[in-house]
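Down below is the structure, laid out as structure tokens.
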Amino acid sequence: MQCPYCNEEMKKGYIQSPRQQIFWGEEKRKILIIPLGDDISLSQGTFNTPYVESYCCPKCKKIIIEF
Ligand SMILES: [Zn+2]
């Protein structure tokens, strides 16, 4: 995948978490950190090893995730 900012090739990798899920939400929560309402689940993987494939441009410091 080419970086949309600088057009250089991005590095494929994985965003990973020691928690159960990775999700995107409009609000940052301090408690009840689970997907709710319109939140978008990003992660695959088994219990406690969630991951999502992503592309990183170290030059622009951008990461692109497809969900
Ligand atoms: Zn870039």
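Structure summary
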item	result
Long-range lysine pairs (8 or more apart or interchain), the chain, Cα under 23 Å	8
Dipole moment magnitude, nearest 20 debye, the chain about Cα centre, only Lys, Arg, Asp, Glu C-beta charged	340 debye
Neighbour-count order for Cys56, Cys6, fewest beta carbons within 10 angstrom listed first	Cys6, Cys56
Size descriptor, Kirkwood hydrodynamic radius, that averages inverse alpha-carbon separations across region 11-65, Å	12.3 Å
Where trypsin sites (Lys or Arg not before Pro) fall in DSSP loop in region 32-67, at most 16 other Cβ within 10 Å	Lys59, Lys61
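Values quoted throughout were computed directly from the atomic coordinates according to the rules given, and no laboratory measurement underlies them. Predicted model, so just to flag it, every value in this text is computed and none were measured. When we count neighbours, we look across all protein chains shown, and the Cβ atoms used for this are built from the backbone with ideal geometry, even at glycine.
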